[in-house]
Amino acid sequence: MDSPPPPPPPPTTRPRSNTFSGGSGPPRAARQPPTPTIATMRQHLRSVGHGDLIDPLAAVLLQSPRGPRRSSSEANIRAGPSYGALAKPPGHKQALSAYLRLEFLRSGRAEVSPPPMLAHDDVEARSPPRRSRAAPSFDYPQFRTDVMATCVAFVVTCVIYASTAQAIFGKLDPRLVFVGVDGALLGTALTGIVFALRSQVPWCIASTDVGFAPLLAQLADQCWKNIAPTKKHTFEVWSFEEDGALSYAAVPADTRRDFVATWVAASSLIFLLCGGVLWALGAFKLTRVVNFMPYPVISGMLASIGVSLCKSGARVAAAPGFRVSHELGILWLSCALVLALFMRLARRSGRVPTWLPPVAVVLVSSVAMYLGILIYDVDASEAAEAGGLFDWDPAMLATARGWAPLLDIDALGGPIQVENVDDDAEVGAAVTEAPFCVVLVSCLIGSGGECSLKHLSHRAVGGVATFFTHVRWAVVFQCRGVILAAATLGSIKIGLKTGAFPALFPNEAICADQEVAMVGFSNVCLGFLGVQGVAYSFSSLKLAEQVGASRRGVGLCLPLLCLLCWALGYAFLRHVPRFACGALLLDLGWDYVDTYLVGQISRGVVWTDVDVLAVFAVVATAIAASLLEAVAVGVVLCLAGTASRLARESVVAATLSGVDARSAVERSSRAQRRLDALGDAIRVLRLRGHVFFGSAPEVLSAATQRLDDPVARPLEHLVVDLEDCQTRALDLTAVETFQRLASLGDALGFRLCVAPALDLLVASLPSATFFDTADDALESCEDAVLDADVRSDLFRAASGDSSQSSMTSPKVGPGAPPHILLQDWLRANDADEAHGDASIPVVVAALAPSVGSRRYHAGEIVYSKGDPRDAAFYLVCAGRLRLMSGNPQRCVRKLGRGNAVGVGEFYGKGEDGPRSDTLVASTASTILRLPHDAVRELDTESPRAALYLHHLLARTLSGKNSGSKKLYRHNAPNP
């Protein structure tokens, strides 16, 4: 591969100016070579001795459909023509060679010799890639992969749809299984393409969530009990005695239509409510709210869904077999368990893709079933009677083609009277109509029938009216518990799954809120259409990713296949054995149980006794009653466990005094000694956890305990640290507690300091002082204590009593001359105690001519990160500064009167290179700048005075660590 042309050399006639202001500006872009034109091409060909090729080459360039167009004077060659077009005309190979030479000059490498003229045999071999815009080529291998992945996902999806529909309707009325299958297929077909085009999730594939199956089955049971009660049918959970055949024979057509319409209306309400909640969470960016559900409740809920799926899988696999004989039922159940175990072990081995075991189970079991049929010389109907295959009759499969819930309730057949026990009998059978979509397609292809627009409109409106006529709204209201439970659990489950996509695909720009809103809106639309809602299919997504399918190929093709299956029927699913479908449900159910219950325990997840009790209580309640009651039990137990933990742990993490806890300000040893003596006037309450009505009284108790201490100094400052509280939302009881603290402060004369500033407290505590951090609050309290001590010393000095004075001289004003400020800085560092007054005049006299003072306003930057070092000390004479470092920058040092910056550079870090930190004034400050060279001159001229100054600078350097053991954050325990 040719390397890109080198950049042009920098100009040498005019060097770039490096002045601080008024520089030369940004460098100019490299000059591009002029666009070759017909004129420049002619000039080049004449210069190389090929003027005879000018006309042939120009003719080819101007005749090429992708070539340049001639302007009024000449034509610019901006997009070169096809090289093949140049080489094909007779005698133009030399013209092509010349054109290649021209292209070489066009690339900007004019300083290199052009390539030699090409021989006739080397033109095609040495031609560069075509510059013309070629048509996109068909990627057959990728297409083949997408088709294969789509077919595999389609087969597995259809088998799961048939299995869940059989679990919902099989024990009630086996000939209504198509209601569940068609609703799932139609929902996937209507929203799958929208998901694939609008979603940001790679390999996005829409599918009906199998987690709804247990709840929809419970809904069907309740509707059937209230609409079609029969003495012959039992609703015991673990009963395999019947599969619905006798109850079906005793239910007339109108009752069956009432049941289907009522169930469709109730399930539509589930998806409407679920979709509305999901849309609201996504639209208002509240998807994270789902993550705040107690995890034991979610774990128990999803494990309960897994148990229900396992029960449904066992029923689908073995119910007809137990009706024939217990031995046959045990055989089918054993086959299902073996296949489910095979799929689990195959996935855990990691040697095969996760999508392969389900496909292998479906194909191998189907082949084995028909081999058994051939060996034992039986037909498919006998195998269906024995429970090996689904006993779907042709009438149901014919009705299933193109059946839409809202339009085709009249397509459901059956006897008119209950006494008719044979639905296939012609006498007494209800009149049925073909599905509306079948009639519409027949009209479009011209196969006969009444096809006027008036008739089709009347049929559609009449179908919707008939649907609502058959709905038993009283029964729907009686099922409100299941509806609310399904909508709630579906919202939580889909919200958790969709919210996990940004973590699963960190390199993709996926917005969880947008995805949840799209899923919610799609479910609302599907609910209005009476079909089942959809979500993202994780299994199909893994399949498409593992086989290397394109990101949108499977998501676009699978809905089309589902639509085709809905329109033409799914009779091919009759050939899949029942125990294979049951094995898939068993595998899905055990996956839920293993992920959210068994796996959590085996991985050693830290659960409290209350959490374990809540999980097992949720599972047991779901098995015995329903999921709605199970969630209620889990929430109550989790609230009880939370209250128990809060009662055992105090909200007051630490109670410290100003003697034990210090701010991050670097103070002189004299100031630290004064704080050791006076710091008991400061009290810090560090809070943690949740401050609410149950824990707020502890804060008041800790404060009053300090006030009642008769030995301690009077309290002057009370700091309340809220930084470690897990919630910033305080209830009214907590606010009332802080108001009582503020009232105590007004009555007893101490100041209440709160950090950080919460809006509710700021509005409720006008007399309190608020800070960003507790360290800032502690710094303010220490300054107040030291200032009060200085004022008391001044009063004693003025009254003539200096025996207990802790100071030698007051601070000087910020506008004093530099030599006065230098003298004050020396005295602030205990100069009198170190070497006496003898060295101070010498140091001041030697350094005063070199120092300069400057006053900085609050927020003004002294120097910034990346600025060149200036080999100088910065001596803080007044105010407060902060040294910011890191990325992002944070405060690492707080500097006050008597501190110095630049000491480490002078003694070892070096004076060259850019600065690695930023110095900013947090209050109005006065700084002296002392060059390093002045100190070196002092070493030569006055060694004794230089030793004294080095001693002071060493004190400031060690002062950074002198109080580190008493720093507030180091002293207070972690919550």
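The values are calculated or read from the model by the stated rules, or taken from the named source; none is laboratory data. Because the structure is predicted, anything quoted here is derived from the model rather than measured. Here the Cβ positions follow ideal geometry from the backbone for every residue, glycine too, while neighbour counts run over all protein chains shown. For accessibility, only protein heavy atoms count, side chains too; no ligands or nucleic acids. Shrake-Rupley method; radii C 1.70, N 1.55, O 1.52, S 1.80 Å.
Residues Val194, Val147: which one is in contact (Cβ under 8 Å) with a residue 40 or more places away in the chain and under 30 Å from the mean Cα position of the chain (by Cα)?
Checking each option against the conditions leaves just Val194.
Six or more apart or on different chains, Cβ under 7 Å: which pairs go from a residue in the range 838-860 that's over 20 Å from Ser925 (Cβ atoms) and in contact (Cβ under 8 Å) with a residue 12 or more places away in the chain to one that's open to solvent by 70 Å² or more (accessible area, probe 1.4 Å) and not in a strand (DSSP E or B)? Could you list them?
Ser839/Arg944; Val844/His819; Ala846/Glu941; Ala848/His819
Test each condition in (1) touching a strand residue (DSSP E or B) at 6+ places or on another chain (Cβ under 7 Å); (2) at pLDDT 80 or above; (3) loosely packed, with under 14 Cβ neighbours inside 10 Å for Val920 and report the one that comes out false.
Among (1) touching a strand residue (DSSP E or B) at 6+ places or on another chain (Cβ under 7 Å); (2) at pLDDT 80 or above; (3) loosely packed, with under 14 Cβ neighbours inside 10 Å, Val920 violates only (3).
Residue-by-condition table, conditions (1) open to solvent by 50 Å² or more (accessible area, probe 1.4 Å); (2) farther than 24 Å from Leu732 by Cα; (3) aliphatic (A, V, I, L, M):
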| site | (1), (2), (3) |
| --- | --- |
| Asp676 | yes, yes, no |
| Glu698 | yes, no, no |
| Ser701 | yes, no, no |
| Val711 | yes, yes, yes |
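Out of the residues in the range 158-202 that are open to solvent by less than 10 Å² (accessible area, probe 1.4 Å) and part of a loop (DSSP other than H, G, I, E, B), which is farthest from Gly582 (Cα to Cα)?
Ser199
I'd like to know if the range 895-907 contains one or more residues that are part of a loop (DSSP other than H, G, I, E, B) and in contact with a His (Cβ under 9 Å, 6 or more places away or on another chain).
Checked the range 895-907: at least one residue is part of a loop (DSSP other than H, G, I, E, B) and in contact with a His (Cβ under 9 Å, 6 or more places away or on another chain).
Here is a list of conditions, (1) in a helix (DSSP H, G or I); (2) open to solvent by 30 Å² or more (accessible area, probe 1.4 Å); (3) at pLDDT 85 or above, and Ala460 meets all of them except one; can you say which number that is?
Only one criterion in (1) in a helix (DSSP H, G or I); (2) open to solvent by 30 Å² or more (accessible area, probe 1.4 Å); (3) at pLDDT 85 or above is unmet by Ala460, namely (2).
Could you check, for the range 585-598, whether at least one of its residues is among the polar types (S, T, N, Q) and at pLDDT below 85?
Within the range 585-598, one or more residues are among the polar types (S, T, N, Q) and at pLDDT below 85.
One line per residue, one yes/no per condition, for (1) at pLDDT 90 or above; (2) over 24 Å from Leu190 (Cβ atoms); (3) among the charged types (D, E, K, R); (4) not in a helix (DSSP H, G or I):
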residue: Asp391; (1), (2), (3), (4): no, yes, yes, yes
residue: Met396; (1), (2), (3), (4): no, no, no, no
residue: Gly413; (1), (2), (3), (4): no, yes, no, yes
residue: Asp422; (1), (2), (3), (4): no, yes, yes, yes
residue: Val427; (1), (2), (3), (4): no, yes, no, yes
residue: Cys443; (1), (2), (3), (4): no, no, no, no
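How many residues, within the range 654-701, are small (Gly, Ala, Ser) and closer than 17 Å to Phe738 by Cβ?
Here the count works out to 5.
Mind listing just one residue for me: the one in the range 718-752 that is of a type in the set (Asp, Glu) and open to solvent by less than 70 Å² (accessible area, probe 1.4 Å) and, of those, modelled with the highest pLDDT?
Looking at the filtered set, the residue picked out is Asp721.
Only one of (1) assigned to a loop (DSSP other than H, G, I, E, B); (2) modelled with pLDDT under 85; (3) open to solvent by 30 Å² or more (accessible area, probe 1.4 Å); (4) of a type outside the set (Ser, Thr, Tyr) fails for Lys865. Which number is that?
(2)
Answer yes or no: is there a residue in the range 647-663 that is small (Gly, Ala, Ser) and either in a helix (DSSP H, G or I) or at pLDDT below 80 (or both).
yes
Within the range 490-509, can you find the residues that are hydrophobic (A, V, I, L, M, F, W, C) and farther than 20 Å from Ala280 by Cβ?
Ala503, Leu504, Phe505, Ala509
Mind listing just one residue for me: the one in the range 553-567 that is in contact (Cβ under 8 Å) with a residue 12 or more places away in the chain and open to solvent by 70 Å² or more (accessible area, probe 1.4 Å) and, of those, nearest to the chain's Cα centre (by Cα)?
Ranking the qualifying residues of the range 553-567, first place goes to Leu560.
Going by the conditions given, is Gly211 at pLDDT 90 or above, open to solvent by less than 20 Å² (accessible area, probe 1.4 Å) and not hydroxyl-bearing (Ser, Thr, Tyr)?
no
Does the range 527-540 contain at least one residue that is in contact (Cβ under 8 Å) with a residue 40 or more places away in the chain and β-branched (Val, Ile, Thr)?
Checked the range 527-540: at least one residue is in contact (Cβ under 8 Å) with a residue 40 or more places away in the chain and β-branched (Val, Ile, Thr).
For the subset of the range 507-552 comprising residues that are within 12 Å of Ile205 (Cβ to Cβ) and aromatic (Phe, Trp, Tyr), which member is surrounded by the fewest Cβ atoms within 10 Å (Cβ to Cβ)?
Selected residue: Phe538.
Condition (residue is over 24 Å from Arg674 (Cα atoms), out of contact with any Leu (no Cβ under 6 Å at 6 or more places or on another chain), open to solvent by 10 Å² or more (accessible area, probe 1.4 Å) and at pLDDT 80 or above) applied to the range 949-964: is it met by at least one residue?
Yes.
Can you find even one residue in the range 370-386 that is among the charged types (D, E, K, R), surrounded by 11 or more Cβ atoms within 10 Å (Cβ to Cβ) and free of Cβ contacts under 8 Å to residues at least 24 places away in the same chain?
Looking through the range 370-386, at least one residue is among the charged types (D, E, K, R), surrounded by 11 or more Cβ atoms within 10 Å (Cβ to Cβ) and free of Cβ contacts under 8 Å to residues at least 24 places away in the same chain.
Quick one: Ala647 ticks every box in (1) open to solvent by 60 Å² or more (accessible area, probe 1.4 Å); (2) under 29 Å from Gly749 (Cβ atoms); (3) within 43 Å of the chain's Cα centre (by Cα) bar one, so which box is it?
(2)
Output the number of the condition that Leu715 fails; it satisfies all remaining conditions of (1) under 18 Å from Ala653 (Cβ atoms); (2) open to solvent by less than 20 Å² (accessible area, probe 1.4 Å); (3) not β-branched (Val, Ile, Thr).
(1)
Checking Ala500 against (1) within 21 Å of Val519 (Cβ to Cβ); (2) more than 19 Å from the chain's Cα centre (by Cα): exactly one of these is not met. Which one?
Unmet for Ala500, out of (1) within 21 Å of Val519 (Cβ to Cβ); (2) more than 19 Å from the chain's Cα centre (by Cα): (2).
Would you confirm whether any residue within the range 665-674 is in contact (Cβ under 8 Å) with a residue 40 or more places away in the chain, surrounded by 21 or more Cβ atoms within 10 Å (Cβ to Cβ) and part of a helix (DSSP H, G or I)?
yes
Considering only the range 214-228, I want to know if a residue exists there that is among the aromatic types (Phe, Trp, Tyr), in a helix (DSSP H, G or I), closer than 20 Å to Tyr161 by Cβ and modelled with pLDDT of 50 or more.
no
Go through the range 612-628 residue by residue and tally those that are open to solvent by 30 Å² or more (accessible area, probe 1.4 Å) and modelled with pLDDT under 75.
Going through the range 612-628 one residue at a time, the tally reaches 3.
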